[in-house]
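Each reported figure results from applying straightforward, stated rules to the coordinates on display, with no laboratory input. Just so it is clear, the model here is predicted, and its values are computed rather than measured. Cβ: placed from backbone, ideal geometry, glycine included. Neighbour counts: every protein chain shown.
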Amino acid sequence: MRGALVGMAMVALALPSSAMASNGWHRSFAPPGDATSIDSIATVPGAGIMAAGGDSTGTSYDTPTVWQRTGHTWTAEPIPADLTNGWGYLSGISGSSDGQAWVVGRTVALATGAGTPLVGHWDGTAWSGVSEPWTQASNTNSGDLTTVSARPGDVWVGGVEDPDVDHEPLGTPLLWHDDGGQWTQVPLELARTNCPFRHEIWVTAVSATSQGVFVAFNCETADSGRAGAVEFFNGRSWHTVLRLGEGRQVFGLSQVPGDSTTVWAVGGVPMPDGFDRGAAWTGDSHKLHRVHGLPPLGRVVLEGVASDGNQVYLVGDDLTNTTGSVALRQTAAGWEQLPGAGDRELQAVTIAPSGRAWVARPEFGGWLGNQPPDSGVWTRAPG
């Protein structure tokens with residue numbers, strides 16, 4: 001792995017005072033900068049909670065940044081990247097059981113708007129930028145990495161290359177694998193999906209397991225609609241485990257810890273009124289099945305999912321009320337809806353070993369009319 005190591009930018013961000021929200025949600029962190037956004041959050045053994053996105057503090061453009069929670073303090077850690085005449089942003093973060101972490105995103109040239117894939121690595125002490133031929137502007141077309149999943153010696157990153165300007169974020173799928181010593185590009189299999197055009201794909205999530213990797217993606221269909229799918233790759237061949245029809249999309253994946261192949265997937269399906277309704281699926285490397293019994297949901301799209309084996313959290317965007325956020329939790333007692341985690345969409349969720357849940361929002365952009373994103377991280381104690 002090549003890349004210059006840098007130490008953490010030790011800028012302590014004070015924990016904001018905040019009243020306890022309904023259903024136990026508590027705001028843990030509010031980053032400075034009106035345009036700052038958070039796209040992803042992860043639990044990293046030995047390092048605590050890390051959130052990833054773009055920091056707008058002190059500049060009119062984003063700096064790719066990880067915020068790490070140590071004790072009760074959040075610290076901003078810029079990711080090493082060449083931002084000369086450009087800016088950068090992180091879309092995904094994943095922690096590995098060996099205490100390492102990986103982030104993905106993009107850097108963008110101000111003059112052309114072209115994006116270059118960005119990968120960062122935390123070795124337990126400092127962040128480094130991953131320097132590979134396919135992450136260099138001179139050796140790649142415009143590209144954007146949106147998702148990452150890491151295990152010891154087993155890292156998967158996904159995104160798009162050459163995004164279609166008329167159908168963003170769709171483009172040619174990017175899927176790369178690091179086996180601990182070498183990065184290899186892996187072609188995505190589309191034959192058993194509703195995706196006829198290889199250049200109109202968006203890889204939305206990856207989830208690495210000891211048996212292989214699950215890859216979720218959406219695409220443009222032959223009827224100019226959108227459809228989603230989840231594929232499983234065992235290192236030799238692909239198997240379609242979820243094939244969605246017109247209008248049905250998938251946005252998030254999460255493996256069940258301690259289980260070699262069981263995953264959860266979330267997204268949205270169309271309803272007779274023409275609006276999306278949140279949906280979830282779960283299963284293994286053979287097939288995913290639709291989850292029934294969710295609390296009644298209106299116009300909702302689910303975007304993030306996490307499970308610790310004892311509980312499952314689903315989070316997303318609720319368009320039917322003014323709060324904008326939706327969070328569901330499943331335990332042995334069944335499903336419950338947990339409002340109160342902010343007034344915008346929830347983008348991502350993770351569960352700490354203690355059972356405490358952490359949610360982050362919003363994704364890049366995040367403005368609502370003339371109101372800034374109001375980014376943040378919320379947390380909820382187990383039980």
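The stretch 65-106 and the stretch 296-316 have their alpha-carbon centroids 24 Å apart.
Judged by the mean number of other Cβ atoms found within 10 Å, the most tightly packed of the peptides 240-246, 79-85, 340-346 leads the ranking 340-346, 240-246, 79-85. Taking amide H atoms as placed 1.01 Å from N in the peptide plane, the amide H of residue 324 lies under 5 Å from those of 318, each 5 or more residues away in sequence or on another chain.
A simple count of charges around residue 354, restricted to other residues whose Cβ falls under 12 Å of its Cβ and scoring Lys, Arg +1 and Asp, Glu -1, yields +1. Shape descriptor for the stretch 191-256: Rg over Rh equals 0.97 (Cα atoms; Rh from the Kirkwood inverse mean 1/r). The magnitude of the dipole of the stretch 211-362, with charges of +1 and -1 set on the Cβ of Lys/Arg and Asp/Glu and taken from the Cα centre, is near 220 debye. Full extension of the chain between residue 240 and residue 112 gives 42.4 nm of extra length, using 0.36 nm per residue less the Cα-Cα distance.
For the pair residue 319 and residue 72, the difference between a 0.36 nm per residue extended length and the Cα-Cα distance amounts to 85.7 nm. Each of 192, 356, 27, 361 was scored by other Cβ atoms within 10 Å of its Cβ. Arranged with the fewest first, they read 192, 356, 27, 361. Residue 98 sits among other residues whose Cβ lies under 13 Å from its own Cβ, and their net charge, with Lys and Arg +1 and Asp and Glu -1, is -1. Amide H contacts under 5 Å for residue 347: 360, 361, restricted to partners 5 or more places along the chain or on a different chain, H placed in the peptide plane at 1.01 Å from N.
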